[in-house]
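The values are calculated or read from the model by the stated rules, or taken from the named source; none is laboratory data. Here the structure is a predicted model, which means the values were calculated and not measured. Here the Cβ positions follow ideal geometry from the backbone for every residue, glycine too, while neighbour counts run over all protein chains shown. Remember, those area values only see protein heavy atoms, side chains included, never the ligands or the DNA or RNA. Shrake-Rupley method; radii C 1.70, N 1.55, O 1.52, S 1.80 Å.
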Amino acid sequence: MLIGAGASLIALPFLPPAWGQQRRPVDLALALAADCSGSVHAQHYTLQQRGYAEAFRSKEVKQAIRSGIHGAIAVAYYQWSGYRLQNLILPWTVLASEADVMRFATQMENAERTIFGGGTSPSGAIEFGHKLLSDLPVQAPRRVIDISGDGRNNTGPPPAEARSAAIEAGIVINGLPILHMELDIDEYYEKFIIGGPGAFMVPARDYESFAAAVRRKLVLEIADRKGPAILKG
């Protein structure tokens, strides 16, 4: 599918034992994967980070989080490029209050880039997200990998096997292709990357329009809204 464009902040791996054992229920576990391959220049990376931060600060995303049964989601953020090049930047964090969301947005905006090249491997990004979602410290009825990127798989195995394994495990893979270098990268994402029930993608025309695209995408993912297979904005 293609779609166009309080509690304190808690890093769950460090929860107190009693709370961790209870495995707090949330509405969604969302693994955000940001492309840091060589084609993503310093300015592009900055626009990605600001785009994510602006999206989480938006009233639309906050309302989407509150709209769930539990009024909370769990989010993790990692950077990726080559097949074995992924770094977890922000571990699983529960977002329930506005204070949670605002602190997470600030952390995301200030996150340092740790990968600067090494090829482009959405297959590796999917595998890494799959591992993150297989060891959740919360109860989540929906598990989603959200991959942004501007290029095709050019290192490591094709994404088909990783995608199939994730889907079989009940994980949905959504995409945010950036039409910066390859104007048909959205077609590639639709055919080879996204998958699972209700999977969709929101293409960004360029890095400048990334913030609007990711805001719309997050609202749809968090609120679990169903829509047509293809929408463009």
- Item | Failed item, numbered, when residue 152 is tested on (1) open to solvent by less than 30 Å² (accessible area, probe 1.4 Å); (2) not in a helix (DSSP H, G or I) | (1)
- What are the residue pairs meeting all of these: first residue in the range 184-212, first residue closer than 20 Å to residue 225 by Cα, second residue open to solvent by less than 10 Å² (accessible area, probe 1.4 Å) and hydroxyl-bearing (Ser, Thr, Tyr), Cβ atoms under 6 Å, and 6 or more apart or on different chains? 201/189
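Of the residues 193, 185, only one is β-branched (Val, Ile, Thr), open to solvent by less than 70 Å² (accessible area, probe 1.4 Å), at pLDDT 85 or above and more than 16 Å from the chain's Cα centre (by Cα); which? Give the derivation first.
Working: 193 fails: more than 16 Å from the chain's Cα centre (by Cα).
Answer to the check: 185.
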- Please find, within the range 110-131, the residue that is nearest to residue 193 (Cα to Cα) out of those that are part of a loop (DSSP other than H, G, I, E, B), open to solvent by 30 Å² or more (accessible area, probe 1.4 Å) and not hydroxyl-bearing (Ser, Thr, Tyr). 118
- Considering every residue within the range 75-89, establish whether at least one is crowded, with 22+ Cβ neighbours inside 10 Å, within 18 Å of residue 59 (Cβ to Cβ) and not basic (Lys, Arg). yes
- Task: Would you be able to tell me the number of residues in the range 212-229 that are among the small types (Gly, Ala, Ser), at pLDDT 90 or above and more than 10 Å from residue 178 (Cα to Cα)?
- Result: 2
